[in-house]
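Student: Starting off with a structure, shown below.
The values are calculated or read from the model by the stated rules, or taken from the named source; none is laboratory data. In this text the structure is predicted, and so the values were computed from the model without any measurement. With ideal geometry, Cβ positions are generated from the backbone for all residues, glycine too; neighbour counts draw on all protein chains shown. The accessibility values were calculated without ligands, DNA or RNA, using every heavy atom of the protein model including side chains. Shrake-Rupley method; radii C 1.70, N 1.55, O 1.52, S 1.80 Å.
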There are 2 protein chains.
Amino acid sequence: MVVSRKVNEDLQKERDRCTFNVKELTHFLDGGEKITKYRKELENRVLNVKGLRDEVPEEYLSHKERYENAVRKAVIMHQALGNLDENNLNEQEKARLGLRTTISSAIFKDNSPLMLHYSMFTNVITGQADDEQLKYWLPKIRNMKVIGTYAQTELGHGTFIRGLETTAEYDPKTEEFVLNSPKLTAYKWWPGGLAHTANHCVVMAHTYSRGKSCGIQPFIVQIRDLDTHMPMKGVKLGEIGAKLGFNTVNNGFLGFENHRIPRDRMLMKYSQMKKDGTFVSGPSSKLVYGTMVYIRMTILCLMGNCLGKAVTIATRYAAVRRQSQPKPNEPEPQILDYVTQQHKLFVSIATSHAYYMNCYRLWTIYKKVNNELATGNLENLAELHALSCCLKATTTADTSILVERCRTSCGGHGYMLSSNLPQTYANVTAAYTYEGENTVLHLQTARALMKAGTQVASGQTVSPSMAYLADRSKITKWDNSVRGIIKGFEKVAAGRVEACLYSMQRHITDGKSQEDAWNLTSVQLVAASEAHSRVILLSVYKSELEATSFALSGETRTVLYQLLELYAVYWALERLGDLLLYTPITAADVQELQQRYETLLGKIRPNAVGLVDAFDFRDEVLNSALGAYDGRVYERLMEEALRSPLNAEPVNQSFHKYLKPLMQGKLVPHKL
Amino acid sequence: MVVSRKVNEDLQKERDRCTFNVKELTHFLDGGEKITKYRKELENRVLNVKGLRDEVPEEYLSHKERYENAVRKAVIMHQALGNLDENNLNEQEKARLGLRTTISSAIFKDNSPLMLHYSMFTNVITGQADDEQLKYWLPKIRNMKVIGTYAQTELGHGTFIRGLETTAEYDPKTEEFVLNSPKLTAYKWWPGGLAHTANHCVVMAHTYSRGKSCGIQPFIVQIRDLDTHMPMKGVKLGEIGAKLGFNTVNNGFLGFENHRIPRDRMLMKYSQMKKDGTFVSGPSSKLVYGTMVYIRMTILCLMGNCLGKAVTIATRYAAVRRQSQPKPNEPEPQILDYVTQQHKLFVSIATSHAYYMNCYRLWTIYKKVNNELATGNLENLAELHALSCCLKATTTADTSILVERCRTSCGGHGYMLSSNLPQTYANVTAAYTYEGENTVLHLQTARALMKAGTQVASGQTVSPSMAYLADRSKITKWDNSVRGIIKGFEKVAAGRVEACLYSMQRHITDGKSQEDAWNLTSVQLVAASEAHSRVILLSVYKSELEATSFALSGETRTVLYQLLELYAVYWALERLGDLLLYTPITAADVQELQQRYETLLGKIRPNAVGLVDAFDFRDEVLNSALGAYDGRVYERLMEEALRSPLNAEPVNQSFHKYLKPLMQGKLVPHKL
């Protein structure tokens, strides 16, 4: 069979008729041509390193082999990237580069066993160690003498941190802390790299001195011998087992039995334990919110990147795939020409843009609040926290749904791992429960909304992102523009907040406690927080686009605004019940919205491939037979299939062992 | 550490306070005590067979080892079940037993490589071979001399069967068919067991005689030598590679290069190829709809079973898990007491019931239509087909969402494979694209709806399931009862059908062709079919429950009707936009519905564990550390973790090979 090596004709035609400059859009999404250049250099550098590409795809290896292969690659990658030179970038540019860099996913489909060393472990020590501790630990961490991870979650407790059961009791006689896991549920559970990779670990433990609780404090604990890598005395370590994804991350468990560590292993930037057992409490426990907010902010861009990858794969496939024959005597259409397919895909392109815009705005607010914190001003921290909670919850939930929609839009082929869509989903849906469970996060934002709702009722001013709650005016006539839809969503969120206040009041009047009334209202509270996040996502998308796109060419701005409008109209139609309840939108308006939605799909259609090309994900990052730049979909599906080790032999040994005796009516043994 | 072996206290308390007889409900769901008894005997029989339980969970094996282990178990299971005796059951009871039997999922987490031999291969030959062919093939199939599969889908074509590219050209000189795969996209792709297991295969191929097309016909083709198992000459076979699930099913590809088979290998019950090349066409191509309808019907119960498993796991876990501390000085509540958790879980219990009821009703209609078909009466086939299309699409889509909701309701622990929730999702979401892609199926039902919509407009009668479209009366006052909600959904579906007719007309008036108008309306057409399926699911659930539950005790009927009401109110709130557009429901009605929903959650709460116990899934079927009957959640999570082969050694070899050199600043080699 002659196999073509050139770009698929249909895909080439799509590119030829694209109306805007794809590179211009890439630079815009990256935050400038300079950042694009750095990003591409980084990608080239990593992909030129020998030994980082798998000969046998990792899905064919055993669990153990996968881990060993991942350690090998992590170490090679560390050596290759040792001294990254980003000197010409300022702080914002560095942040942007980090947010749009996806190259490690080209190496680790299921993430690196060192990922927590570089992220949480290093961040927490940098943020919570005192100067002396920093001086001691940072060089060891940087030159990989110390390989670490971060252990907070336990078998029995996750998002509810106060419930952690690991204990650290201070013994002034020896000036040591004694660490214990008093119950099975106290075992640390989940930290990446904890099982067999790390030799140190930041441990969050309930701390006691002189029989009194000193709250939850962070400790740096050596868990393995640096020479033999054997677990230290009183330290129980192991792997938590296979998961939906992250299988090369080496997630582990950790238990302590009277494990003693020196006093100076408590990270003492904020709180301190004196030699005699005097505990000095830090200024505010809210200061740790900073790190949490930062991570939730990066999740927005992570979702944007993952969704961008998924929709790139699905859109290119839809341009190549031809199916069915609605008109006799005409060729089968590209499935991208079916409006149902456009409906499945285009909103994901827009959503990805919405997340980038929101993440960049959040970064600006984060920097501002962080600078204020340094001067002891905690005024705007609560708002930032409330924002980051609902946005993390809504974007991870939406992305989970949209990535699956991209996958199923590819039919059965999306079910193949060679499409890389199942693995993308596994990565995305993990964020649904990590870094704060979504329902709990929504309820945190809901608490801020309820407070704001009460404040505006009594004429007080509230934080900027909730200021719209103060506008008690009614919409007199529905306005189908993006601006009008945003206004509508504001009324929905305000209406839902009011409904929650009413429900709380009703239950309290019925004799329920405040806590029970809260619980009984909680389904509506989650909905209120979700409604608030719709206001934020859409209005920030709009205002950030307006603020940053003015210098772009008219053609590019046209498609960017088409996507914005699509996003607005899509969500208006998705939340029609809310709009009908809380705004004067009429059936005729709805019909017009539906028609506008369908018209927008048609307008975006000719640029669909250009729009996903502009995300600029390299083939190695997409890692997909369906989504490669050249569109050789069927050839690549077959090439990937042939890499399965089962295809190395025409006849598998199980034929002789089991099938042949069965065919001959002979009994086969029960054991291999 | 002392590990408890008794049932978790919280779970025991839940069972103690259950208000209804759990066994009574189990018998009801099974279709009678007699069927429950048979089901349990079957389960005991299989689980008593030696060698069917995995010592190392299959997720830790390599892809190749998993397949070999699955063949071993498939053969042992075949021998053990060789002569199943169901003689005391009538046809309906046998069908019910089959629909509620899940035992093979206790053996194969990822399904059996022989599954298509037993199902499609045997069914198609039974249904489409002529008498002589049956006599020749059936004994060989039953005694496993012939191991088969069914090859329809190709790399380039799935649901659109007319597009299949495999050719079978009849050569009258040798009285043979010549099979060819003229292009890469003509390769068969997906059949289970095709890669290395089957030695025969039913192949659907575009058939030609005397240079003329004879349509798509089925052939039975030997693909491997019975003695050596080597692929036959002109037959190319292999595995398609790793997938999201079904990894032990051995899905394969198949290509032909001038492969010759005797004339009598065409299945000739309906169409025939005479020796001289005369092609005699069968009565109606619609007769094959029968098998498709049957399989889609079984999918409803498959979804009911999978969702029942998922919600059993999540509900038991929610009864055991305690988290957070809303009230100071009180213990952490069971998370099942959080209303948000009830909101996530209880609708899945109701949905599972709804699917069983709908499947049982569909079975009755299927039997009736099938009997009619035997007499040449095709009158009701179209309606049955339209019903099965939208129900398959809606139930697989809903179940995908609900199983994931069950999974994420378990927080991070639901992400562990030891919860068995990710694998349940992989199984369920496969049905989203197999046996007809969901969007295509909705559009088939939409076609029937549009026809019915036109017919009722001109006063003609339409099929029973669409008869409600003829009721043009307006609802004058909203009625919040289940009956009223069904009425409301009927108006929604009718309104959506009307909106589609309007949209079609608008586009045709604009000068569009019929086909283009259809495409431009297709987003709304899918919504119309979905709205129709809401009417069916809810009204059949209600009427089937009313028809079959009258003999149950009052306590059991009470909870069954609570679930029905929950299902109705849940969907009314989910589809509020539609109801507000097409019915006179008011804001006050909505508020009342919301309150009723919350009240229903509270009523179901005390029976939640009893309700999932009543599904009666054995621990081996649930296969879940979170969902076992004894509720030893944390102990089992740890026990399962310790089965990971990575935990067999305290130090993995990768430390010495890679990590230690890294720590010492030495370069490590690039290759293992």
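Student: Is there a simple number for the mean count of other chain Cβ atoms within 10 Å of the Cβ of residues in A:597-609, and what is it?
Tutor: Per-residue shielding by partner chains comes out at 1.
Student: Beyond 50 Å, what share of the Cα-Cα pairs of chain A remains, rounded to the nearest whole percent?
Tutor: 18 percent
Student: Report the net charge of residues surrounding residue B:605, where surrounding means a beta-carbon distance below 12 angstrom and charges are Lys +1, Arg +1, Asp -1, Glu -1.
Tutor: Counting the neighbours of residue B:605, the net charge comes to -1.
Student: Which lysines, on any chain, are close to residue B:344 with Cα under 18 Å apart, when same-chain ones fewer than 8 places away are left out?
Tutor: Of all the lysines, those that pass the test against residue B:344 - Cα under 18 Å, at least 8 places apart if same chain - are B:309, B:603.
Student: Also, I was wondering about something else. Ignoring ligands, DNA and RNA, please state the percent of accessible area on chain B from carbon and sulfur, probe 1.4 Å.
Tutor: 52 percent
Student: Could you tell me whether segment A:242-301 comes out rounded, prolate or oblate from its Cα gyration tensor? Rule is a ≥ b ≥ c as square roots of the eigenvalues, rounded for a/c under 1.5, then prolate if a/b exceeds b/c, otherwise oblate.
Tutor: oblate
Student: Here's a follow-up. Once you have the alpha carbon radius of gyration of segment A:506-660, what is it after dividing by 2.2 N^0.38 Å, with N set to its residue count?
Tutor: Ratio of Rg to 2.2 N^0.38 Å for segment A:506-660: 1.73.
Student: Follow-up question, since we're still on this one. Within 10 Å of each Cβ in peptide B:515-523, how many partner chain Cβ atoms are there on average? Round it to a whole number, please.
Tutor: 5
Student: Quote the Stokes-Einstein diffusion coefficient, in whole µm² s⁻¹, for segment B:31-112, based on the Kirkwood radius over alpha carbon pairs, a temperature of 20 °C and a viscosity of 1.002 mPa s.
Tutor: 153 µm²/s
Student: Place a point 7 Å from the Cα of residue A:656 along the Cα-to-Cβ direction; which residues of segment B:222-262 have their backbone N under 15 Å from it?
Tutor: B:227-230
Student: What's the percent breakdown of Cα-Cα distances in segment A:309-378 across 5 Å bins, shortest bin first?
Tutor: Bin by bin from 0 Å, the calculated values are 3, 14, 16, 13, 10, 8, 8, 7, 6, 5, 4, 3, 2, 1, 0.
Student: Amide H neighbours of residue B:214 under 5 Å, counting only residues 5+ apart in sequence or on other chains, H built in-plane at 1.01 Å?
Tutor: Amide H neighbours of residue B:214: B:207, B:208, B:209.
Student: Write down the accessible area per residue of the protein assembly as shown in Å², having rolled a 1.4 Å probe over the full set of protein chains.
Tutor: 38 Å²
Student: Accessible area, 1.4 Å probe, largest first: how do B:142, A:224, B:53, A:321 sort?
Tutor: The ordering from most to least exposed comes out as B:142, B:53, A:321, A:224.
Student: Counting helices only, and only those DSSP H runs with n ≥ 4, report the 222 nm mean residue ellipticity of the protein assembly as shown as the sum of -39,500 (n - 2.57) divided by its residues, in deg cm²/dmol to the nearest 500.
Tutor: -17000 deg cm²/dmol, from helical runs alone.
Student: To continue, here is another question. Under 12 Å from the Cβ of residue A:214, count the other residues' Cβ atoms, weight Lys and Arg +1, Asp and Glu -1, and hand me the total.
Tutor: +2
Student: Residues of segment B:355-391 with amide nitrogen under 17 Å from the 7 Å Cα-to-Cβ point of residue B:461?
Tutor: B:378-384
Student: List the residue ranges in chain B for DSSP H helices whose C-alpha atoms run 24 angstrom or more along the long axis and whose Kyte-Doolittle average is 0.5 or above.
Tutor: B:289-320
Student: Hey, another quick one. Could you work out the pair-distance distribution P(r) of segment A:79-176 from its alpha-carbon pairs, with 5 angstrom bin width and percents rounded to whole numbers?
Tutor: Final binned percentages: 2, 9, 12, 16, 21, 18, 9, 6, 4, 2, 0.
Student: If I take all pairs of Cα atoms in segment B:343-437, what percentage of them are more than 18 Å from each other?
Tutor: Result: 57 percent of Cα pairs exceed 18 Å.
Student: Roughly how many Å² of residue A:398 are accessible to a 1.4 Å probe, to the nearest 10?
Tutor: Residue A:398 has an accessible surface of roughly 20 Å² with all protein chains in place.
Student: Taking a quarter of the surface of the Cα convex hull of segment B:457-522, what do you get in nm²?
Tutor: 5.8 nm²
Student: Further, regarding this structure: If the viscosity is 1.002 mPa s and the temperature 20 °C, what translational diffusion coefficient in µm²/s does Stokes-Einstein give for segment A:117-282 when Rh comes from Kirkwood over Cα pairs?
Tutor: Here the translational diffusion coefficient equals 135 µm²/s.
Student: Can you list the lysines whose alpha carbon is less than 16 Å from that of residue B:145, not counting same-chain residues fewer than 8 positions off?
Tutor: Straight-distance partners of residue B:145: A:657, A:660, A:666, B:135.
Student: Another question, then. Under the rule a/c < 1.5 gives rounded, and otherwise a/b versus b/c splits prolate from oblate, where does segment A:512-564 land using the Cα gyration tensor?
Tutor: prolate
Student: Averaged over its residues, how many other protein chain Cβ atoms are within 10 Å of peptide A:152-159's Cβ atoms?
Tutor: Mean number of neighbouring Cβ atoms from other chains: 4.
Student: How long is the protein assembly as shown along each principal axis, judged by its Cα atoms, biggest number first, in Å?
Tutor: Principal-axis extents of the Cα atoms in the protein assembly as shown, largest first: 102, 72, 70 Å.
Student: Using the Cα atoms of segment A:245-354, I'd like the radius of gyration and the largest Cα-Cα distance, Dmax, both in angstrom.
Tutor: In Å, with Rg to one decimal and Dmax whole: 27.0, 90.
Student: Mind jotting down the distance between the C-alpha centroids of segment A:589-668 and segment B:192-270, whole Å?
Tutor: Answer, in whole Å: 22.
Student: OK, next. Under 17 Å Cα to Cα from residue B:367, which lysines show up? Leave out anything in the same chain fewer than 8 places away.
Tutor: B:94, B:286
Student: Add +1 for every Lys or Arg and -1 for every Asp or Glu among the other residues with Cβ under 12 Å from the Cβ of residue A:225, and state the total.
Tutor: Within the 12 Å Cβ shell, the charges total +2.
Student: Under 5 Å between amide H atoms, partner at least 5 residues away or on a different chain: which partners does residue A:238 have, H built in plane at 1.01 Å?
Tutor: The list, which skips near neighbours in sequence, is A:253.
Student: With N set to the number of residues, divide the alpha-carbon radius of gyration of segment A:580-672 by 2.2 N^0.38 Å and report two decimals.
Tutor: 2.19
Student: Which of the peptides A:346-357, A:530-541, A:173-184 is most tightly packed, and how do the rest follow, judged by the mean count of other Cβ atoms within 10 Å per residue?
Tutor: A:346-357, A:530-541, A:173-184
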